[in-house]
Amino acid sequence: MNTFLILFFIIWLGGWWINIKISNHKDANLPRFIVPSLFGIVILLMWELAVIGLQINPILLPAPSAIALKFSRSLDILWIDFVQTLVKGALSGYILGCGAAFLTAIAIDKFNFLKRGLLPLGNFISALPIVGMAPIFVMWFGFDWQSKCAIVVVMVYFPMLVNSVQGLELVDPSRQDLMRTYSASYTQTLIKLRLPSALPFIFNGLKICSTLALIGAIVAEFFGSPIKGMGFRISSEVGRFALDMVWAEIFVAAIAGCLFYGLIALIEKRTTFWHPSQQK
Amino acid sequence: MISVSDVNLTFETNDGPVNALKNVSMEVNEGDFVSFIGPSGCGKTTLLRVIAALETPTEGRVTVNNMTPDEARKARQYGYVFQAAGLYPWRTVSGNIKLPLEIMGYSTSEKEDRTRKVIDLVELNGFEKKFPWQLSGGMQQRASIARALAFDANILLMDEPFGALDEIVRDRLNGELLNLWARTRKTICFVTHSIPEAVFLSTKIVVMSPRPGRITDIIESTLPKKRDLNIRDSREFIKIAQRVREGLKAGQSEDVF
């Protein structure tokens, strides 16, 4: 037993004890982020101490401090990779794919016969394996971000389509009848009734797709990319056993993913405040 | 005003055709308060929906203000109040009342004027900015009535508007509805399954029976037009309620099932 491992157990039990104290505390005024951030700090400390105490090979698991050091020294590269993969690849594909799926959903809603054709087609596209499509898209759209954008479009299209179609279908019949008694036009009914009531479903689709887009853009780079991008960096740094850089990229992806998801959830809260799921 | 003659309506369902309305004929005159009463499945809501052009009869003739129901719907001749309040939860009370006015293209000042007027009428002052889910069931239904009155159609079609409310609130809203009817001089068609409610409110009561949905009795009320809740203890009231009950019973004994 060395001192690092003793510290490891002290911090583990200490963190545990504090969290129990906080959870038993009746005061609801405590900020909500205290428990999760305390949990995160304890995990990081334990990770650090275990890696040093057990002398774990940095290839297997680098210490958080080593990852932080690498992160701060590679900000320029990480930024270039972030722009290449997440902004150009993932975000453009996300907007295109979700936008196209949303418009398709409105078309399906208006012309019911499309449902029989387009939903199975969407299902089929979503069943295509990404590892097969990625190299093909690289040949079609080139090495740069355009092929990653295409992969993301394919990945997000179907989940977004299914959610939007379902949202538009599930309009309350008496609310629909009400619009009929006003002799409202198709567009008026769409804008004033069907889209607002479909919003909770549309946001579900957007949230699911936000993580899919992230994964799709990174994985797609494994099958051909210019010498930048998060997926490219991860695969090439793994080859050089520079696992601290791989972890730094993972960290960027996790932060970006959480922020993006949080942003969508925030917009959802603002626009669907009336839905029972948003009320406490 | 509204005339229904020899209307038949058959729904095609998976279990075969269902005869929702059979040989239904009746008249509603201007300024009438007509109640449709009967057990579930007697076609009272279907009949109201036929008048509103939300259903199309298989046979027969219906006119609303001397137009076909569909023409009347397009000319916005009636306001409809649904069983569940059917308010849009993303709109405030005044936003909900403005909804028909927006669709019908009223000017902004006109929208404000009319909204204020009907909010006064149903006594919802101070609740304009509330969302429907912040209101009690009774207040929601009042907002719903205000919405149906906003564009000043001369017919009001109401499908069990107070069905989900407790009796105390229902009594109060019944009284308020009578006041509103006296002040606005609308023609009201009102679906209910409560005998006291039908007798208290109506100038004419249409008693209906199920399988097939049909009219078993039409009662012209002898109660004075101006009435309050105490009238429910009068002999006249009890006599009419008796006749409604007999009409409902007659429908049951003719039941082929």
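The values are calculated or read from the model by the stated rules, or taken from the named source; none is laboratory data. Everything numeric in this text was worked out from a predicted model, so none of it was measured. Glycine also receives a Cβ, built like all others from the backbone with ideal geometry; neighbour counts cover every protein chain displayed. For accessibility, only protein heavy atoms count, side chains too; no ligands or nucleic acids. Shrake-Rupley method; radii C 1.70, N 1.55, O 1.52, S 1.80 Å.
Name the residue, out of B:PRO57, B:PRO17, B:PRO69, that is buried (at least 18 other Cβ atoms within 10 Å of the Cβ), without any contact (Cβ under 8 Å) to a residue 40 or more places away in the chain and on the phi < 0 side of the Ramachandran plot.
Details: B:PRO57 fails: without any contact (Cβ under 8 Å) to a residue 40 or more places away in the chain; B:PRO17 fails: buried (at least 18 other Cβ atoms within 10 Å of the Cβ).
Selected residue: B:PRO69, the only one of B:PRO57, B:PRO17, B:PRO69 that is buried (at least 18 other Cβ atoms within 10 Å of the Cβ), without any contact (Cβ under 8 Å) to a residue 40 or more places away in the chain and on the phi < 0 side of the Ramachandran plot.
Look through B:LYS117, B:LYS129 and report the one residue that is touching a Ser or Thr at 6+ places or on another chain (Cβ under 9 Å), open to solvent by 10 Å² or more (accessible area, probe 1.4 Å) and over 15 Å from B:GLY86 (Cα atoms). Steps first, answer last, please.
Values: B:LYS117 fails: touching a Ser or Thr at 6+ places or on another chain (Cβ under 9 Å).
Going through B:LYS117, B:LYS129 in turn, just one is touching a Ser or Thr at 6+ places or on another chain (Cβ under 9 Å), open to solvent by 10 Å² or more (accessible area, probe 1.4 Å) and over 15 Å from B:GLY86 (Cα atoms): B:LYS129.
Does B:ALA198 satisfy being modelled with pLDDT of 90 or more, in contact with a Gly (Cβ under 6 Å, 6 or more places away or on another chain) and open to solvent by less than 10 Å² (accessible area, probe 1.4 Å)? Working first, answer last.
Numbers: modelled with pLDDT of 90 or more: yes; in contact with a Gly (Cβ under 6 Å, 6 or more places away or on another chain): no; open to solvent by less than 10 Å² (accessible area, probe 1.4 Å): yes.
Criteria not met by B:ALA198.
Would you mind listing the helices (runs of 4 or more DSSP H) fully within the stretch A:171-237 where at least 3 residues are under 22 Å from A:ALA101 (Cα atoms)? Can you show your working first?
Numbers: elements: A:173-181, A:186-189, A:195-220.
The qualifying helices (runs of 4 or more DSSP H) are A:186-189, A:195-220.
Can you name the residue in the stretch A:125-162 that is among the small types (Gly, Ala, Ser) and loosely packed, with under 15 Cβ neighbours inside 10 Å and is also farthest from A:LEU214 (Cα to Cα) among such residues? Steps first, please.
First, the residues of the stretch A:125-162 that are among the small types (Gly, Ala, Ser): A:126-127, A:132, A:134, A:142, A:147, A:150.
Adding the requirement that they be loosely packed, with under 15 Cβ neighbours inside 10 Å leaves A:127, A:132, A:142.
Details: A:ALA127: 18, A:GLY132: 18, A:GLY142: 20 Å.
For the stretch A:125-162, the residue satisfying everything is A:GLY142.
Every residue in the stretch A:163-182 that is over 28 Å from B:ARG76 (Cβ atoms) and either open to solvent by 10 Å² or more (accessible area, probe 1.4 Å) or more than 14 Å from chain B (Cβ to nearest Cβ) (or both), please.
Filtering the stretch A:163-182 down to residues over 28 Å from B:ARG76 (Cβ atoms) leaves A:163-167.
Once the filter is applied, which keeps residues that are over 28 Å from B:ARG76 (Cβ atoms) and either open to solvent by 10 Å² or more (accessible area, probe 1.4 Å) or more than 14 Å from chain B (Cβ to nearest Cβ) (or both), the stretch A:163-182 yields A:ASN163, A:SER164, A:VAL165, A:GLN166.
For (1) over 24 Å from A:TYR157 (Cβ atoms); (2) modelled with pLDDT of 95 or more; (3) of a type in the set (Asp, Glu), each residue gets a yes or a no:
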residue	(1), (2), (3)
A:VAL171	no, no, no
A:ARG175	yes, no, no
A:TYR182	yes, no, no
A:GLU221	no, no, yes
A:MET230	no, no, no
A:SER235	yes, no, no
A:SER277	yes, no, no
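Quick grid of which residues meet (1) of a type in the set (D, E, K, R); (2) touching a Leu at 6+ places or on another chain (Cβ under 9 Å); (3) free of Cβ contacts under 8 Å to residues at least 40 places away in the same chain:
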| site | (1), (2), (3) |
| --- | --- |
| B:ARG147 | yes, yes, no |
| B:LEU156 | no, yes, no |
| B:PRO161 | no, yes, no |
| B:GLU167 | yes, no, yes |
| B:ASP171 | yes, yes, no |
| B:PHE190 | no, yes, no |
| B:LYS204 | yes, no, no |
| B:SER209 | no, yes, no |
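Can you pull out every residue in the stretch B:68-91 that is more than 8 Å from chain A (Cβ to nearest Cβ) and under 15 Å from the mean Cα position of the chain (by Cα)?
Once the filter is applied, which keeps residues that are more than 8 Å from chain A (Cβ to nearest Cβ) and under 15 Å from the mean Cα position of the chain (by Cα), the stretch B:68-91 yields B:GLN77, B:VAL81, B:ALA85.
In the set B:GLY126, B:GLY60, B:GLY138, which member is modelled with pLDDT under 90 and either away from chain A (no Cβ under 14 Å) or within 22 Å of the chain's Cα centre (by Cα) (or both)? Lay out the reasoning, then the answer.
Numbers: B:GLY126 fails: modelled with pLDDT under 90; B:GLY60 fails: modelled with pLDDT under 90.
The unique qualifying residue is B:GLY138.
For A:PRO159, are the conditions met, namely being away from every other protein chain (no Cβ under 14 Å), closer than 30 Å to A:HIS275 by Cα, out of contact with any strand residue (DSSP E or B) (no Cβ under 9 Å at 6 or more places or on another chain) and part of a helix (DSSP H, G or I)?
On the way: away from every other protein chain (no Cβ under 14 Å): yes; closer than 30 Å to A:HIS275 by Cα: yes; out of contact with any strand residue (DSSP E or B) (no Cβ under 9 Å at 6 or more places or on another chain): yes; part of a helix (DSSP H, G or I): yes.
Yes; evaluated as a whole, the condition is true for this residue.
Please tell me if A:PRO226 is modelled with pLDDT under 90 and either surrounded by fewer than 22 Cβ atoms within 10 Å (Cβ to Cβ) or aromatic (Phe, Trp, Tyr) (or both). Write out each step before concluding.
On the way: modelled with pLDDT under 90: yes; either surrounded by fewer than 22 Cβ atoms within 10 Å (Cβ to Cβ) or aromatic (Phe, Trp, Tyr) (or both): yes.
For A:PRO226, the condition - modelled with pLDDT under 90 and either surrounded by fewer than 22 Cβ atoms within 10 Å (Cβ to Cβ) or aromatic (Phe, Trp, Tyr) (or both) - is met.
Which of the residues belonging to the stretch A:240-278 are polar (S, T, N, Q) and either in contact with a strand residue (DSSP E or B) (Cβ under 7 Å, 6 or more places away or on another chain) or exposed (fewer than 12 other Cβ atoms within 10 Å of the Cβ) (or both)? Spell out how you get there, then give the answer.
Within the stretch A:240-278, the first condition is being polar (S, T, N, Q), and the residues that meet it are A:271-272, A:277-278.
Listed by number, the list holds a single entry, A:SER277.
If you scan the stretch B:218-245, which residues turn out to be surrounded by 12 or more Cβ atoms within 10 Å (Cβ to Cβ) and part of a loop (DSSP other than H, G, I, E, B)?
B:SER221, B:LEU223, B:ARG227, B:SER234
Condition first: among the charged types (D, E, K, R) and closer than 30 Å to B:MET1 by Cα. Now tell me which residues in the stretch B:113-164 satisfy that. So that I can check it myself, show each step before the final result.
Of the stretch B:113-164, the ones among the charged types (D, E, K, R) are B:113-114, B:116-117, B:120, B:123, B:128-130, B:142, B:147, B:152, B:159-160.
Scanning the stretch B:113-164 gives B:ASP113, B:ARG114, B:ARG116, B:LYS117, B:ASP120, B:GLU123, B:ARG142, B:ARG147, B:ASP152, B:ASP159, B:GLU160.
Does B:GLY41 satisfy the condition of being touching a residue at least 40 places away in the same chain (Cβ under 8 Å), out of contact with any Gly (no Cβ under 8 Å at 6 or more places or on another chain) and surrounded by 15 or more Cβ atoms within 10 Å (Cβ to Cβ)?
Working: touching a residue at least 40 places away in the same chain (Cβ under 8 Å): yes; out of contact with any Gly (no Cβ under 8 Å at 6 or more places or on another chain): no; surrounded by 15 or more Cβ atoms within 10 Å (Cβ to Cβ): yes.
Here the answer is no, as B:GLY41 does not meet what is asked.
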